[in-house]
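*Asks:* So that we are looking at the same thing, I have put the structure below in structure tokens.
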Amino acid sequence: RPIQAVGGGVTVGLISLSVAYTLGYRTMHLYGYDSSYSELRHHAYDQPENDNEATIEAHVCGRTFKCAPWMVMQTNQFQELAKQLIELGCALHVHGTGLLPTVAWEMFAASQQN
């Protein structure tokens, strides 16, 4: 029986995009992929295991975002995964105001200008 290996990145959010594609979804709306802190919160719900993680600043498009290093890694890996999914015929809609949505909007705007 064949085994389907699914990759996609270092976070469950990125891997879920690959799983969705594997399951046949081609239009994806991403909520909660902010990849940055919002008013000192790192998740939409209490997640005490991340309360003491180190934070850094990420600078994108004249904005500064407070985030954990893994959030920057997720944003960087999202860029490559998003390109691949779009080339495979997916439509990605990223909602939010954090680091990853800001990068996504810039990516999508740049691709429409080319």
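*Asks:* Is the C-alpha gyration tensor of the chain telling us rounded, prolate or oblate? Criteria: a/c under 1.5 is rounded; beyond that, a/b larger than b/c is prolate, otherwise oblate.
*Replies:* oblate
*Asks:* List every residue whose amide H lies under 5 Å from the amide H of Leu30, counting only residues 5 or more places away in sequence or on a different chain, with H placed 1.01 Å from N in the peptide plane.
*Replies:* For Leu30, whose amide H was placed from the backbone, the distant partners under 5 Å are His93, Val94, His95.
Taken together, the values in this text are just the output of simple stated rules run on the coordinates, not laboratory data. Keep in mind it's a predicted model, so treat the numbers as computed, not measured.
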